[in-house]
Amino acid sequence: MTATKGLEGIVAAKSSISSIIDGVLTYQGINIDELAEKASFEEVVYLLWHGKLPNSSELDGLNAQLGEYAAVSPEVIEGLRLYPRDANSMAALRTAVSSLALYDSEANDMSQEANYRKAVKLQAQLPTIVAAFARLREGKEPIAPKKGVGIAHNFLYMLTGEEPAQVAIEAMDKALVLHADHELNASTFASRVTVATLSDIYSGVTSAIGTLKGPLHGGANEAVMVMLDEIGSLANVESYIQSKLDNKVKIMGFGHRVYKNGDPRAKHLMQMSRQLGELKGDMTLYDMSIKIEELVTGQKGLKPNVDFYSASCYTMLGIPRDLFTPIFAISRVSGWTAHILEQYEDNRLIRPRAEYVGPVDQHYVPISQRG
Ligand SMILES: CC(=O)SCCNC(=O)CCNC(=O)[C@H](O)C(C)(C)COP(=O)(O)OP(=O)(O)OC[C@H]1O[C@@H](n2cnc3c(N)ncnc32)[C@H](O)[C@@H]1OP(=O)(O)O
Ligand SMILES: O=C([O-])CC(=O)C(=O)O
């Protein structure tokens, strides 16, 4: 038995939700480029959960359910009030999502209907939690979700208390479409491992949030913004990046386990970053990002991943950088729950083996004789 470090190249599950074949990403066989241009996030959620695009009454039905479940139980909001104001935003989200299970009477109902309903609740409630957390830490009251608007719109509204501009809604919606699912990425894998023990969907999503948090995965979008803030101006890009590359420090937002010739989602976010810069009349973040890409790709051959240009986009939408990874979760919960439902459909415990590399033929030594 020999282990493959990081399970690289290991095929660990069959799935019909999304695929990456020869660098092309599809959700249920539909190319991400087409979805990014044409689909709303809610259509994508339906697609991931049901394997087909919704017709208008199916989409209306999903939107109505999302609206019905968007308010979070008062106990969970009371819990959020107790979190330290400087709590890590992903730790807060992980804790709040875990606590949702405590106040859902069907949390441990494993029927297909209850599991689907819980997927809808999770998708509807993550935006509400993230917005409420962001407001409470600033000493502001949470804003109740609005009826009759999409998730992107509602999230921006609940965050700011103001009607978002159409351009902001469209940018957020596209970002949500682009982040929704990605085959057997680390957080999705974690969620499948959790529920394959026949644990509940809240446990699966809680595992996934904890996994997304790390900077090698979803946490990279925040780390990209930390880097852009540290660099500060276009004039500083070259010396900063050169010194990181010379010292073999990883540049956040570059590289990918699966894509070696570029992440197909990055170009959409790059374009969005340029458009938002033009609208704001300030191209600084876009220009800095382009320069970083030139240097990193030029010297290391590494291409930007989905996290790189999303950082400048979210900043130009006025979003604080520690909410970037929670926003990733607001989108990816659609994929996590689709994978969890798929796992339940044809479940088997996920339990691989380890290659043992420790000592052999050892004996118990009494404590008095140990050095
Ligand atoms: C949504 C997402 O999760 S997308 C990924 C988000 N993560 C990041 O952007 C963090 C930065 N990127 C990385 O750390 C990696 O590219 C990962 C984690 C995405 C992929 O990791 P792996 O497939 O395990 O690749 P690994 O880390 O082994 O890198 C292979 C080589 O490329 C180098 N490399 C990989 N990414 C980078 C980077 N961003 N900057 C500099 N060098 C890099 C490594 O140092 C390594 O070099 P070596 O062979 O000389 O030691
Ligand atoms: O697939 C991966 O390894 C990382 C991921 O979640 C993504 O790129 O969206």
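The values are calculated or read from the model by the stated rules, or taken from the named source; none is laboratory data. The structure displayed is predicted, hence computed values, not measured ones. Every residue, glycine among them, receives a Cβ derived from its backbone with ideal geometry; neighbour counts consider all protein chains shown.
Here Ser199, Ser187, Ser191 are screened, and the one residue that is of a type in the set (Ser, Thr, Tyr), assigned by TED's automatic domain parsing to the domain that holds Asp104 and within 14 Å of ligand 1 (Cβ to nearest atom) is Ser187.
To keep it simple, each residue is scored yes or no on (1) among the acidic types (Asp, Glu); (2) farther than 16 Å from Val333 by Cβ; (3) touching a strand residue (DSSP E or B) at 6+ places or on another chain (Cβ under 8 Å).
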residue: Gly23; (1), (2), (3): no, yes, no
residue: Asn31; (1), (2), (3): no, yes, yes
residue: Glu34; (1), (2), (3): yes, yes, no
residue: Leu59; (1), (2), (3): no, yes, no
residue: Gln65; (1), (2), (3): no, no, no
residue: Glu68; (1), (2), (3): yes, yes, no
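Can you tell me which residues in the stretch 78-100 are in contact (Cβ under 8 Å) with a residue 24 or more places away in the chain, not polar (S, T, N, Q) and not in a helix (DSSP H, G or I)? If the condition is that a residue be in contact (Cβ under 8 Å) with a residue 24 or more places away in the chain, not polar (S, T, N, Q) and not in a helix (DSSP H, G or I), then Tyr83, Arg85, Asp86, Ala87 are the ones that fit. Evaluated against (1) surrounded by fewer than 14 Cβ atoms within 10 Å (Cβ to Cβ); (2) of a type in the set (A, V, I, L, M); (3) within 16 Å of ligand 1 (Cβ to nearest atom), Ile32 falls short on exactly one condition, (1). The one condition from (1) farther than 25 Å from Ala190 by Cα; (2) exposed (fewer than 14 other Cβ atoms within 10 Å of the Cβ) that Ile77 does not meet is (2).
Within the stretch 193-229, the residues that satisfy the criterion of being more than 14 Å from ligand 2 (Cβ to nearest atom) and among the hydroxyl-bearing types (Ser, Thr, Tyr) are Thr194, Thr197, Ser199, Tyr202, Ser203, Thr206, Ser207. The number of residues in the stretch 15-29 being away from ligand 1 (no atom under 16 Å from the Cβ), out of contact with any helix residue (DSSP H, G or I) (no Cβ under 9 Å at 6 or more places or on another chain) and touching a residue at least 24 places away in the same chain (Cβ under 8 Å) comes to 1. For the stretch 179-200, the criterion of being within 12 Å of the chain's Cα centre (by Cα), under 24 Å from Met288 (Cα atoms) and modelled with pLDDT of 95 or more is met by at least one residue.
Taken as a whole, the stretch 224-240 holds no residue that is within 28 Å of Leu126 (Cα to Cα) and not in a helix (DSSP H, G or I).
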